Amino acid sequence: MTSVRVFVNAKGYDVPVAATALDAVRTADVTEAEAVASGTRQITDSRGLPVPPETPVYAGVIYRVVQNRLRDAESAS
């Protein structure tokens, strides 16, 4: 198997087996991936828990890209 099916923001994508969460987001939306890389957005799992961008993907994983509330809170201080 050279690719796995992952879900980003409710849509399915095939990504390489060696891909990371950030790679999966980049496959779905380059602009969102850039926002994750800059820290303004973050990746979460299906439960809403943060996922580090370098996390390896696995078949069937569900990611969502959301506003980075931690960074927002830090900048408001």
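The values are calculated or read from the model by the stated rules, or taken from the named source; none is laboratory data. As the structure is a prediction and not an experimental result, all values here were calculated from the model. We place every Cβ from the backbone using ideal geometry, glycine too, and count neighbours over all the protein chains shown.
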Q.
Give all pairs with beta carbons closer than 9 Å in which a residue from the stretch 35-63 that is within 16 Å of A10 (Cα to Cα) meets a residue that is buried (at least 16 other Cβ atoms within 10 Å of the Cβ) and of a type in the set (K, R); count only pairs at least 6 apart in sequence or on separate chains.
A. I43/R64; T44/R64; D45/R64; S46/R64; G48/R64
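Which residues, counting only those in the stretch 15-34, are free of Cβ contacts under 8 Å to residues at least 12 places away in the same chain and either of a type in the set (D, E, K, R) or surrounded by fewer than 18 Cβ atoms within 10 Å (Cβ to Cβ) (or both)?
R26, V30, T31, E34 - these are the residues of the stretch 15-34 that are free of Cβ contacts under 8 Å to residues at least 12 places away in the same chain and either of a type in the set (D, E, K, R) or surrounded by fewer than 18 Cβ atoms within 10 Å (Cβ to Cβ) (or both).
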Q. Is at least one residue of the stretch 37-45 under 10 Å from the mean Cα position of the chain (by Cα), at pLDDT 95 or above and either among the hydroxyl-bearing types (S, T, Y) or surrounded by fewer than 13 Cβ atoms within 10 Å (Cβ to Cβ) (or both)?
A. yes
